[in-house]
1. Kindly indicate which of 423, 427 is on the phi > 0 side of the Ramachandran plot, out of contact with any strand residue (DSSP E or B) (no Cβ under 9 Å at 6 or more places or on another chain) and at pLDDT 85 or above.
2. Between 474, 367, 373, 440, which is under 30 Å from residue 558 (Cβ atoms) and modelled with pLDDT under 80?
3. Checking residue 375 against (1) under 17 Å from the mean Cα position of the chain (by Cα); (2) buried (at least 21 other Cβ atoms within 10 Å of the Cβ): exactly one of these is not met. Which one?
4. Considering only residues that are surrounded by 24 or more Cβ atoms within 10 Å (Cβ to Cβ) and out of contact with any helix residue (DSSP H, G or I) (no Cβ under 6 Å at 6 or more places or on another chain), look in segment 398-414 and name the one that is modelled with the lowest pLDDT.
5. Evaluate the following for residue 278: is it at pLDDT below 70, part of a helix (DSSP H, G or I) and closer than 15 Å to residue 402 by Cβ?
6. Would you say residue 449 is assigned to a helix (DSSP H, G or I) and modelled with pLDDT under 80?
7. Could you list, in sequence order, the residues of segment 24-54 that are farther than 24 Å from residue 503 by Cα and either out of contact with any helix residue (DSSP H, G or I) (no Cβ under 7 Å at 6 or more places or on another chain) or modelled with pLDDT of 85 or more (or both)?
8. For residue 543, are the conditions met, namely being surrounded by fewer than 21 Cβ atoms within 10 Å (Cβ to Cβ) and either more than 30 Å from residue 381 (Cβ to Cβ) or at pLDDT below 90 (or both)?
């Protein structure tokens, strides 16, 4: 065969490919402007003095010499560690009951465990105040336990356990759902007892899920702002320190230093999680047999009682917030009324905040889903511009390691910078929406990539051979097949945009205040009843949105997923 015949044929790019490359370049610019640049602005602020001159590590040294700030750092670390130690075994047993037992009502218990995701994290703090506060129902019970008051570390730990629990359960349910029944059959054949099977098969198989759940729990607590703000009292943590330094004292340099310290545990957790993920081996091979739990009367009854207890505690937390929101005048007149809802929506001007929240959540769901799925498609299913792919892929993962409070602070420093051409976005609802999209970008991106990787590359290969533009394949083939994933991404963006506090607490103006921030203002003003009512209203809107997304998913499934049915 001649040398000419061995020379590969270089295909010229179709004109439509340049559109895809331009869009990918635009995504890179967007991530650089709304993610990388704000984080760089925090670093630069930490290395400058109040007049903008280079200060090196002087701000860090000043932080080390401030005992109150160091005390806040220690408080954040030990509270986060304690919450992780409490939540991890609780969530593991709960997830084990859902996946590895034959107890009844498993679906109901799983739905109850996800309730905290529908409301701002501070709802649990408000409920605890009504249960154990100065005028709480069980104040004497708290005193009998030797606890002086719920305000402070005790309240923060309990409220954080409620807020973090569903995140750990979701991770551990996934970890425990993947198991090979052949391992347990071999253990039974060898006469291995149930306890030894648990410690030699179940726990080792779920160790990566346990590590991930621990890292997620620790990071969520150390970066949470709402709960310490509402029930922390004089107990300072890093998240509240940033707010006090930036908003109260206008000390941007120290605020930037604390932000970098707050970023450290999140980055460390992210790095450990990535390392663990690379070392994880497949739990299910091609020859694996799905594990079907066998009934065991006493085990199932014990796990049922445990799930009933945990679910009762979670419903009590939500139920108290609902009850208090309708109480006319706590604790003297408990007759139901809409006084707190009128106070919040009309007198407290939270009604406008709800409209802003719905606009922001709708925009986040729509534009965030389009951006995430389009960029994931261009990364996975198109060719060319290899130099752009690596930075886009890296930046798409970064938001997972960036707390919302740090991202919001970076937006202050960057978009309020003199001479910035994007300064006009500052204090606008558009910037709040973009910040929320970036904050929750990684989860949506990973969901889209997972859905796209399940599609055979032959779709694009056949389209290219027929000279069909990539966008037609995208619209006619990829989008219909991936509709369930698109709806999941949109739902995730919408719910998180309704409940987020830390990502937007620095960015709003009186005209762009959202409902979750308005709840903080009501609590600061002493209108805790109205704050409870607004938190319940956010939870109700989130639950309604979840139901509507489910209906949309069912309708779209009938229209686009008929090929999946036999």
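1. Every option except 427 fails the conditions.
2. Values: 367 fails: modelled with pLDDT under 80; 373 fails: modelled with pLDDT under 80; 440 fails: modelled with pLDDT under 80.
None of the others qualify; the one that does is 474.
3. (1)
4. 402
5. Working: at pLDDT below 70: yes; part of a helix (DSSP H, G or I): yes; closer than 15 Å to residue 402 by Cβ: no.
Spelling it out, it is not the case that residue 278 is at pLDDT below 70, part of a helix (DSSP H, G or I) and closer than 15 Å to residue 402 by Cβ.
6. On the way: assigned to a helix (DSSP H, G or I): yes; modelled with pLDDT under 80: no.
So residue 449 does not fit the description; no.
7. 24, 25, 51, 52, 53, 54
8. Values: surrounded by fewer than 21 Cβ atoms within 10 Å (Cβ to Cβ): yes; either more than 30 Å from residue 381 (Cβ to Cβ) or at pLDDT below 90 (or both): yes.
When the stated conditions are applied, residue 543 passes them.
The values are calculated or read from the model by the stated rules, or taken from the named source; none is laboratory data. Being a predicted model, the structure only gives us computed values, none of them experimental. When we count neighbours, we look across all protein chains shown, and the Cβ atoms used for this are built from the backbone with ideal geometry, even at glycine.
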